[in-house]
Amino acid sequence: MRISKVLNAHGLGTLLLCLLEVLCLGYVAHSASAANPPDAAAVLLIRNATILTVSHGTIEHGSILIKDGKIAEVSQSINAPKGAQVIDAAGQFVMPGIIDCHSHIAAESINEGSVSISSMVNMAEILNPEDIDIYRDLAGGVTAANILHGSANSIGGQTLVIKLRWGQPAAKLPFEGALPGIKFALGENPKRSNFSIPGQPRRYPSTRMGVEETIRGAFSEARDYQKSWEDYGKRLAAGEKSLIPPRRDLRLEPLVEVLEGKRYVHAHCYREDEILMLLRVAKEFGFKVRTFQHVLEGYKVADELATAGVGASTFSDWWAYKVEAYDAIPYNAALMTRRGVVVSINSDDAEEATHLNQEAAKSMKYGGLSHDEALKMVTLNPAVQLGIDKRVGTIDVGKDADLAIYNHDPLSAYAVVQKTLIDGRVYFDRQRDTAERSEREKEKKALIDKFKKSADKKPEDKKPDATVPILQKPTEKKPGEKKQEEKKPEEKPGPPQSSGIDSAAPVLPGGEL
């Protein structure tokens, strides 16, 4: 396309607008129609389904009654109340919505990697409700996700749990009442084994012992900071006047919340030695690690994990993608489960999250877990790890109506999500999505044609943009004005000729090409 012609004709604003339109197509139209679900019905009935409750077995030809976003009744036969919206799920399977305990979707940025302790930054402040991965993960049955900071830091940023309420503003995404978290990281990533900036010194720490010291030093500071506020509170309660409160430290405040049990620790890790190291540091300072993330060598220290009451959120079978992942085995999840560890299967990747049901099913092949045990790894277990199991994770009366409806058993390779509900509201409907694709393609084509037409117009046919000043061309002159003689640039001696330089190439002062 002749973009230079458009620019020369002062059509920069039009071009940029067209570019934005084309870049957003397939998504803007999508978010305006299929993405935005209708208002939730006050009463909704799903019937004739195979219901995988996770908590109390399977109900064949069962029904789920939903009222005001909550599960009101679960049984084999429920009569539809007057005015209820009915979903006939004959031949289909209903399970609790999938919960991803390690996700980076819906975030404008992931790592604040300039310092090794970035506990002052918060993922809640950079949520992006327009990230198309939210909708794609909904299409995979995911209803909630733990949005984590990256692993560039020994102590990273603050984290939060969201519901995938596609089409809603950022303020509507956080899971109400879910305890916030903070991301820790051990091993190669925080010591920057595979990352450096040329010309700049390496950031501390650069060893595993340095990572341990960084975490221990931060909690030593946090404990002193906590005590300073406790002393201030006691003196204030005793009636002392004119007290000056301690200076707030936004870096240490989240760590004090960890010490007080008000914020969960989710720690990126791989090797058994670093897992045991963080358990020792946690014991020293009196806090608990809520989950070890990845934890690919967890099977080696499963008893220690179970004794500490730590959850493990791992991959199904990822292996050998870097040195510290070489001892990973696909039996990891099953072996930890057998030793009493609460285990979940996570994605750490937007695409992986679209088939977490299949990732969980692998634990049946590698380790012989039962159907219900495998299903728990993407439903109840991550809910327990995130402290939201009283609200989600099973199909029980009183819980949020966060559900996924499949055309086959969810642990089958042939299973495809048909509908995904959050709070009793249909946020993904495959039938509606498919029906609206032709309309979106038409809109996409119209936008592309508009862009091409704008780019192909001749300069004289285009009206200049009023916001752009029209500059006089260098060759134009006013009537009666004499042409001024052009001053020749001062001639300078050129560089010596060399047979190695193309004589047709422009030579800059100093001989640089």
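The values are calculated or read from the model by the stated rules, or taken from the named source; none is laboratory data. This one's a predicted model, so the numbers in the text were calculated from it and none came from an experiment. Heads up, the Cβs are rebuilt from the backbone with ideal geometry, glycines too, and the neighbour counts pull from every protein chain shown. Side chains included, ligands, DNA and RNA excluded: accessible areas come from the protein's heavy atoms. Shrake-Rupley method; radii C 1.70, N 1.55, O 1.52, S 1.80 Å.
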Distance in nm between residue 172 and residue 457 label points, each 7 Å along Cα→Cβ, equals 3.8
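To the nearest 0.05, what FRET efficiency results for residue 285 and residue 79 with a Förster distance of 41 Å applied to their C-beta separation?
The calculated FRET efficiency here is 0.15.
Work through the residues other than residue 260 whose Cβ is under 12 Å from its Cβ and net out their charges, Lys, Arg +1 and Asp, Glu -1. Intermediate values should be presented prior to the final figure.
On the way: positive: 223, 262, 263, 288; negative: 230, 253, 257.
That works out to +1.
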A 1.4 Å probe over the protein heavy atoms gives the range 214-343 a carbon and sulfur accessible-area percentage of 53
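Any idea of the accessible area per residue across the range 268-329, 1.4 Å probe, to the nearest Å²? Please report the intermediate quantities before stating the final value.
Details: 2510 Å² over 62 residues.
Result: 40 Å² per residue.
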Mean accessible area per residue over the range 158-216 (1.4 angstrom probe, all protein chains present, square angstrom) is 46
Sorted largest first, the C-alpha extents of the range 113-186 along its principal axes in whole angstrom are 35, 23, 17
Compactness summary of the range 207-333: radius of gyration and Dmax from Cα atoms, Å, are 18.6, 63
Taking r as the C-beta separation of residue 366 and residue 238 and R0 as 51 Å, the FRET efficiency to the nearest 0.05 is 0.25
Those trypsin sites (Lys or Arg not before Pro) from the range 231-338 that are DSSP loop and have at most 10 other Cβ neighbours within 10 Å turn out to be 241, 247, 248
One point scatterer per Cα, no solvent, Debye formula: log10 I(q)/I(0) for the range 36-88 at q = 0.18, 0.22, 0.24, 0.26 Å⁻¹ comes out as -0.56, -0.79, -0.90, -1.01
Per the Kirkwood formula over distinct C-alpha pairs, the hydrodynamic radius of the range 132-241 in angstrom is 17.6
Label model pair residue 194, residue 68: point-to-point distance (7 angstrom along the Cα→beta-carbon line) in nm is 5.0
Bounding extents of the range 383-458 in its principal axis frame from Cα atoms, largest first in Å, are 65, 28, 21
Regression test value, accessible area per residue of the range 417-459, probe 1.4 Å, units Å², expected 58
Check: C-alpha center the range 87-144 vs C-alpha center the range 359-416, spacing in Å is 17
